[in-house]
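Step one of this worksheet: look at the structure below.
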Amino acid sequence: MIKKTHSEKETYDFAKGFAQKLMGGEVLCLIGDLGAGKTAFTKGLAAGLGVKGIVTSPTFVLMKIYDVHNRIKEMAHIDAYRLSGGQELINIGAEEYFKDKQCVAVIEWADRIRDIWPKDCLKIYFKILKGDDRIIEIKK
């Protein structure tokens, strides 16, 4: 699936709608340059899942767990920007969220931890075009 967006709000809205397709147990690996829309996508996804409150990137704490108020119980939001490999996430127990069928795990900067990607993760690539235009490509 390929989607072109023209603003941060469109990226947010696309992700909010995409969240409705999730059943739980998905691991979303977000890949793209700084400012490409990974966090806007994650915020929209959280809104679509029913997360209450403000969603911010867990750059310094590595992972935040949000309660979800529908068929899915939690969203694990992981930021791998400062990591050099997946072992650091394994050490804090992140893998348990990759296997939880009542959780959606979202990993920003997932290209930094390819060594621990689940085989069935969804790879979501963000590409900056001109201005606020972005291409979002979702691959199995």
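The numbers here are math on the coordinates, done by the rules we state, and not lab data. From a predicted model like this one, the values you see are computed outputs, not experimental measurements. Methodologically, a virtual Cβ is constructed for each residue, glycine included, from the backbone with ideal geometry; neighbour enumeration extends over all protein chains shown.
Starting from the Cα-Cα distance between Lys64 and Glu137, subtract it from 0.36 nm times their residue separation and give me the gain in nm to one decimal. If you can, show how the numbers build up before the last one.
Numbers: separation 73, 0.36 × 73 = 26.28 nm, distance 2.47 nm.
So the chain would gain 23.8 nm between Lys64 and Glu137.
Which whole-number percent gives the relative contact order of the stretch 2-139, counting Cα pairs below 8 Å spaced six or more residues apart? Spell out each step's value before the answer.
Numbers: 292 pairs, mean separation 48.7, N = 138.
That works out to 35 percent.
List, in order, the whole-Hz ³J(HN,Hα) value for each residue of the stretch 23-35 obtained from phi through the Karplus relation with A = 6.51, B = -1.76, C = 1.60 and θ = phi - 60°; use x for Gly and Pro.
Taking θ as phi minus 60°, the curve returns 10, x, x, 7, 10, 9, 9, 8, 10, x, 5, 4, x Hz for the stretch 23-35.
Apply the Karplus parameterisation 6.51 cos²θ - 1.76 cosθ + 1.60, with θ equal to phi minus 60°, to every residue of the stretch 109-125 and state each ³J(HN,Hα) to the nearest whole Hz, in sequence, with x for glycine and proline.
6, 5, 4, 7, 10, 3, 5, 10, 4, x, 4, 9, 5, 8, 9, 10, 9
To the nearest 500 deg cm²/dmol, what mean residue ellipticity at 222 nm is calculated for the chain from DSSP H runs of n ≥ 4 alone, each contributing -39,500 (n - 2.57), summed and divided by the residues? Present the calculation step by step, with values, prior to reporting the outcome.
Numbers: 4 runs with 32 residues, N = 140.
Computed ellipticity for the chain at 222 nm equals -6000 deg cm²/dmol.
How many percent of DSSP beta bridges within the stretch 2-139 run antiparallel, rounded to 5? The partial results should precede the final answer.
Working: 15 of 30 bridges.
Antiparallel: roughly 50 percent of the beta bridges in the stretch 2-139.
In square nanometres, what is the average projected area of the Cα convex hull of the chain?
Mean orientational projected area (the chain, Cα hull): 7.4 nm².
Between Ile2 and Ile54, with labels modelled 7 Å along Cα→Cβ, what's the label distance in nm to one decimal, could you check?
Output for this residue pair reads 3.7 nm.
Whole angstrom only: what separates the Cα centroid of the stretch 12-71 from the Cα centroid of the stretch 76-125?
The two parts, judged by their Cα centres, are 13 Å apart.
Among Ile54, Ile31, Ile113, which one shows the highest mean-square fluctuation when the chain is modelled as a Gaussian network with alpha-carbon springs under 10 Å?
Highest fluctuation of the listed residues: Ile54.
Please compute the Cα-Cα pair-distance distribution of the stretch 1-64 with 10 Å bins starting at 0, giving whole percents from short to long.
Result, from short to long distances: 20, 56, 23, 0 percent.
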